[in-house]
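Report on the following structure.
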Amino acid sequence: MISIKNLHKSYGKLEILKGIDAEIEKGEVVVVIGPSGSGKSTFLRCLNLLEQPTSGEIRFEGELVTDKKHNINLTREKMGMVFQQFNLFPHKTVLQNITLAPIQVKKLDRAKADEIALDLLRTVGLEDKKNAYPAQLSGGQKQRIAIARALAMQPHVMLFDEPTSALDPEMVGEVLDVMKKLAEKGMTMVIVTHEMGFAREVGDRILFMDQGTIIEQGTPEVVLGNPTHPRTQDFLSKVL
Ligand code: ADP
Ligand code: MG
């Protein structure tokens, strides 16, 4: 579904991504782990061109996203993204937050957009919050709404950048549960997280990034249980 070839990203002279090659298969859950500053967010943000790669190729469903002539807006509609900070619109209700893009971008009529939104609210267990404003929600609830909002565009892949890192510990589980349900339904997902238990249980494949490259990848059993690279071993000894 996504194919990344020799992806480089620099800010000025600072090289952040130093040649990333990766393939994401349809239906796969790929978990990206690695130390802070290793380029995980930059990698994720390059996939939908929130960051412009310096060089390299990204293909999404066969289309060359990094081609200058490619219409990135069409691709972004198919790539849902969830951030550490929930980025909900503070002056809109939960329902309005979820229906905004489907109405404005996909030109759905309000009734249809509402129907999809209510269905998603049921999925994330927050149907009763449809008329609440973000400020009235807990962090875990906000993140579940952010996930529902991304899903409302019916994306083909979901990108998560440390979706539980800003949450109080007691709210991490409810968000991971929603993500696990999504994975079970077959959603293709690329997830940056420090939740190693989740990575082990839900991930089909783990990518370990360090200093702008993927230095090790494989099944959770191998990468988390029996890593070969000293830097992976060192990282895991600190987080497990
Ligand atoms: P991670 O998500 O793994 O913590 P990031 O991708 O956020 O890593 O950042 C990797 C490196 O790139 C860091 O050293 C960070 O300071 C640097 N960086 C990120 N964004 C910018 C930017 N807009 N300008 C300059 N440097 C940046
Ligand atoms: Mg990051």
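The values are calculated or read from the model by the stated rules, or taken from the named source; none is laboratory data. Remember, it's a predicted structure, so these values are computed and weren't measured experimentally. Note: ideal-geometry Cβ built from the backbone for every residue, glycine included; neighbour counts use all protein chains shown. The area values use the complete protein model at the heavy-atom level, side chains included, leaving out ligands, DNA and RNA. Shrake-Rupley method; radii C 1.70, N 1.55, O 1.52, S 1.80 Å.
Which strands (runs of 3 or more DSSP E) sit wholly inside the range 11-83 and have at least 2 residues that are among the acidic types (Asp, Glu) and open to solvent by 20 Å² or more (accessible area, probe 1.4 Å)?
14-24
Looking for whichever is free of Cβ contacts under 8 Å to residues at least 40 places away in the same chain, surrounded by fewer than 20 Cβ atoms within 10 Å (Cβ to Cβ) and within 20 Å of residue 2 (Cβ to Cβ) here; the options are 185, 180. Which one fits?
Of 185, 180, the one residue that is free of Cβ contacts under 8 Å to residues at least 40 places away in the same chain, surrounded by fewer than 20 Cβ atoms within 10 Å (Cβ to Cβ) and within 20 Å of residue 2 (Cβ to Cβ) is 185.
Would you pick out the residues in the range 110-141 that are farther than 22 Å from residue 76 by Cβ and charged (D, E, K, R)?
Selection gives 110, 114, 115, 119, 122, 127, 128, 129, 130.
So residue 82 passes all but one of these: (1) within 16 Å of ligand 2 (Cβ to nearest atom); (2) out of contact with any Phe, Trp or Tyr (no Cβ under 6 Å at 6 or more places or on another chain). Which condition number does it fail?
Checking residue 82 against (1) within 16 Å of ligand 2 (Cβ to nearest atom); (2) out of contact with any Phe, Trp or Tyr (no Cβ under 6 Å at 6 or more places or on another chain), the one that fails is (2).
Give the range 150-177 a look and list any residue that's open to solvent by 10 Å² or more (accessible area, probe 1.4 Å) and either touching a Lys or Arg at 6+ places or on another chain (Cβ under 6 Å) or under 15 Å from residue 78 (Cβ atoms) (or both), or say none.
Within the range 150-177, 150, 151, 153, 154, 155, 156 meet the criteria.
From the set of residues in the range 2-61 that are among the acidic types (Asp, Glu) and more than 9 Å from ligand 1 (Cβ to nearest atom), which is farthest from residue 81 (Cα to Cα)?
Only one residue tops the list, namely 15.
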